[in-house]
Amino acid sequence: MESISPKRFLKFLFIFVCIAASFTYSTSAVRSVRSAIPKTSTDFIRRSCRETTYPRLCFSSLSIHASKIQTSPQLLAATALNVTLSSAKTTSNVMLKLSLSHGLKPKEAAAMKDCVEELSESVDELRKSIGEMSRLKSRSSSKLMINDIQTWVSAALTDENTCSDGFGGKAMNGKVKSVVRVRIVNVAQLTSNALALINRYALING
Ligand SMILES: *[C@@H]1O[C@H](CO)[C@@H](O)[C@H](O)[C@H]1NC(C)=O
């Protein structure tokens, strides 16, 4: 029986280790180059969302629209606004129904009434922003238009926070208070994220 000399064995081992090492090195190098450029829309959305205050909510609400967003900061901001509007509209309807329900304490009824108004203003402001966003094309007017959008979205956020603050007091019923706060806080977080993405888009285009 032929046996492999220890010297030969070491030589083979050395070659094998070299090949394995170079293979590992090159694949990891390729991987790090790849991750530096957002290749996919999902990757782009994750990266952009990292700059918002609520990155996980940002990613979960926007990644489902990845095929539409592609890797466009403008489409990302526009989609964030659309998602926010749809959530604000739903919440506004829920609040309107709740405000008409019986058994509310006078303080709750008053806070609810204010909230319904604030939310409807917030919905209007988001609508105006979306309208302006869809008209953003010519570079000459875009700075002023983005300014308008930023102002309206900030106003929407203020309205939502005012509504939520109205339910902060101890006088409020636990159930109504928690339903309202969970919903409003969600809308406010979506709005805050949309504003961050708009600001990011404004920076890129500035
Ligand atoms: C957002 O909604 C508006 C109005 O419905 C629509 O025209 C626009 O295409 C939507 N934008 C995106 C990116 O989905």
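No lab work stands behind these numbers, since they all come straight from the coordinates. Predicted model only: the values in this text are computed from it and were never measured. Quick reminder, even Gly has a Cβ in these numbers, built from the backbone with ideal geometry, and neighbours come from all protein chains shown.
A few comments on the model shown:
- Answer residue from region 60-79, given it is more than 9 Å from the ligand (Cβ to nearest atom) and not polar (S, T, N, Q) and is nearest to Arg183 (Cα to Cα) among those: Leu62
- Of all residue pairs spaced 6 or more apart or on separate chains, those with beta-carbon atoms under 7 Å, a first member in region 46-71 that is closer than 13 Å to Leu197 by Cβ and of a type in the set (Val, Ile, Thr) and a second member that is more than 14 Å from the ligand (Cβ to nearest atom) and assigned to a helix (DSSP H, G or I) are Thr52/Cys58; Thr52/Asn193; Thr52/Ala196; Thr53/Ser192; Thr53/Asn193; Thr53/Ala196.
- Residue check for Asp124: assigned to a helix (DSSP H, G or I) and more than 16 Å from the ligand (Cβ to nearest atom): no
- Meets criteria (under 26 Å from Leu57 (Cα atoms) and either in contact with a Lys or Arg (Cβ under 8 Å, 6 or more places away or on another chain) or surrounded by 20 or more Cβ atoms within 10 Å (Cβ to Cβ) (or both)) for Ala196: yes
- Which numbered condition Lys105 fails, given (1) buried (at least 18 other Cβ atoms within 10 Å of the Cβ); (2) more than 16 Å from the ligand (Cβ to nearest atom): (1)
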